[in-house]
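Enquirer: Quick one: structure below, then a few questions.
Only the coordinates and a few stated rules stand behind these numbers; no lab work does. The shown structure was predicted, so the numbers you read here are calculated from the model rather than taken from an experiment. Backbone-built Cβ (ideal geometry, glycine too); neighbour counts: all protein chains shown.
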Amino acid sequence: MASEVVKPWWRETLETIVWAFALAMIIRTFIVQAFWIPSGSMVPTLEVGDRVLVAKFWNWFFEPSRGTIYVFRYPEDRDRDFVKRIIAVPGDTVDIRSGTVYVNGEPIDEPYVQNRDQYTLRPNRVFPEVPFTVPKDSYFAMGDNRPNSQDGRFWGFISASDIHGPVFFRYWPLTRIGFPR
């Protein structure tokens, strides 16, 4: 008959904490991560203080798509994360005239934009040519609250490697729990 080795309680506790921490880090790094919305650039879709979950594994299987909300590293300060909606994908031609966004020559339907501006894209340091074409492995993103959004109109493109993943669920506040579109 084999004898069972009993571990002391403190060792069991320590092993449980170490395994829980390791599992949490793996999940956060590769599967799902929580983010806090610090600004009103995505109002009304996402409000200041909303807490959302991002599917970090998504980009292993699918390319980012037009109209989907993504979290990514801010191109001008890679230590910060931004949340915006993908407006155009690689190869798309984009123009903005009097607040209307044109992708591949057609105005896009944006029912999520309730606060519009009259912005017109003109040649500048970011976009020397207008309309512009989104480069390979890059995306163009804008906030839903156009008058109050520091977005791709001002800093350019998001590199595919800087995209964390799509926002798929809002878990806070409880009164707004659900799937943001």
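Enquirer: Name the residue that is farthest from residue 135 (Cα to Cα), counting only residues in segment 72-100 that are of a type in the set (A, V, I, L, M) and part of a strand (DSSP E or B). Outline the logic, then answer.
Expert: Step one: list which residues in segment 72-100 are of a type in the set (A, V, I, L, M), which gives 83, 86-89, 94, 96.
With part of a strand (DSSP E or B) added as a condition, the list becomes 83, 86-88, 94, 96.
Values: 83: 20, 86: 14, 87: 13, 88: 10, 94: 11, 96: 17 Å.
In this case the residue turns out to be 83.
Enquirer: May I pose another question? Residue 112: among the hydroxyl-bearing types (Ser, Thr, Tyr), buried (at least 16 other Cβ atoms within 10 Å of the Cβ) and either touching a residue at least 60 places away in the same chain (Cβ under 8 Å) or farther than 19 Å from residue 35 by Cα (or both), yes or no? Quick ask: steps written out before the conclusion?
Expert: Numbers: among the hydroxyl-bearing types (Ser, Thr, Tyr): yes; buried (at least 16 other Cβ atoms within 10 Å of the Cβ): no; either touching a residue at least 60 places away in the same chain (Cβ under 8 Å) or farther than 19 Å from residue 35 by Cα (or both): yes.
So residue 112 fails the test.
Enquirer: Among what's in segment 142-169 and is outside any helix (DSSP H, G or I) and among the small types (Gly, Ala, Ser), pick the residue that is surrounded by the fewest Cβ atoms within 10 Å (Cβ to Cβ). Walk me through how you get there before you give the answer.
Expert: Residues of segment 142-169 outside any helix (DSSP H, G or I): 142-145, 149-151, 156-159, 163-169.
Now restrict to residues that are among the small types (Gly, Ala, Ser): 143, 149, 156, 159, 165.
Values: 143: 26, 149: 25, 156: 18, 159: 15, 165: 23.
The extreme case among them is 159.
Enquirer: Being in contact with a Pro (Cβ under 7 Å, 6 or more places away or on another chain), without any contact (Cβ under 8 Å) to a residue 40 or more places away in the chain and surrounded by fewer than 17 Cβ atoms within 10 Å (Cβ to Cβ) narrows it down to one residue among 100, 93, 120; which is it?
Expert: 100
Enquirer: Scan segment 122-130 and give yes if some residue there is farther than 26 Å from residue 59 by Cβ and among the acidic types (Asp, Glu), otherwise no.
Expert: Restricting attention to segment 122-130, the residues satisfying the condition of being farther than 26 Å from residue 59 by Cβ are 122-125, 128-130.
Pick out the ones that are also among the acidic types (Asp, Glu) and you get 129.
Within segment 122-130, one or more residues are farther than 26 Å from residue 59 by Cβ and among the acidic types (Asp, Glu).
Enquirer: Could you say whether any residue in segment 80-92 is aromatic (Phe, Trp, Tyr) and under 22 Å from residue 178 (Cα atoms)? Steps first, please.
Expert: Residues of segment 80-92 that are aromatic (Phe, Trp, Tyr), as a first pass: 82.
With under 22 Å from residue 178 (Cα atoms) added as a condition, the list becomes 82.
Yes, there is a match, as at least one residue in segment 80-92 is aromatic (Phe, Trp, Tyr) and under 22 Å from residue 178 (Cα atoms).
Enquirer: Which of the residues belonging to segment 125-147 are in contact with a helix residue (DSSP H, G or I) (Cβ under 9 Å, 6 or more places away or on another chain) and either over 24 Å from residue 81 (Cα atoms) or hydroxyl-bearing (Ser, Thr, Tyr) (or both)?
Expert: Residues satisfying the conditions are 138, 139.
Enquirer: If you don't mind, there's one more thing I want to ask. Quick one: would you say residue 172 is out of contact with any strand residue (DSSP E or B) (no Cβ under 7 Å at 6 or more places or on another chain), surrounded by 14 or more Cβ atoms within 10 Å (Cβ to Cβ) and either of a type outside the set (Ser, Thr, Tyr) or under 14 Å from residue 44 (Cα atoms) (or both)?
Expert: Details: out of contact with any strand residue (DSSP E or B) (no Cβ under 7 Å at 6 or more places or on another chain): no; surrounded by 14 or more Cβ atoms within 10 Å (Cβ to Cβ): yes; either of a type outside the set (Ser, Thr, Tyr) or under 14 Å from residue 44 (Cα atoms) (or both): yes.
So residue 172 does not fit the description; no.
Enquirer: Yes or no: residue 63 exposed (fewer than 14 other Cβ atoms within 10 Å of the Cβ), farther than 25 Å from residue 170 by Cα and of a type in the set (D, E, K, R)?
Expert: Working: exposed (fewer than 14 other Cβ atoms within 10 Å of the Cβ): yes; farther than 25 Å from residue 170 by Cα: no; of a type in the set (D, E, K, R): yes.
No.
Enquirer: Against the condition assigned to a loop (DSSP other than H, G, I, E, B), closer than 14 Å to residue 146 by Cα, under 17 Å from the mean Cα position of the chain (by Cα) and not aliphatic (A, V, I, L, M), how does residue 65 come out, does it pass?
Expert: Details: assigned to a loop (DSSP other than H, G, I, E, B): yes; closer than 14 Å to residue 146 by Cα: no; under 17 Å from the mean Cα position of the chain (by Cα): yes; not aliphatic (A, V, I, L, M): yes.
No, not satisfied.
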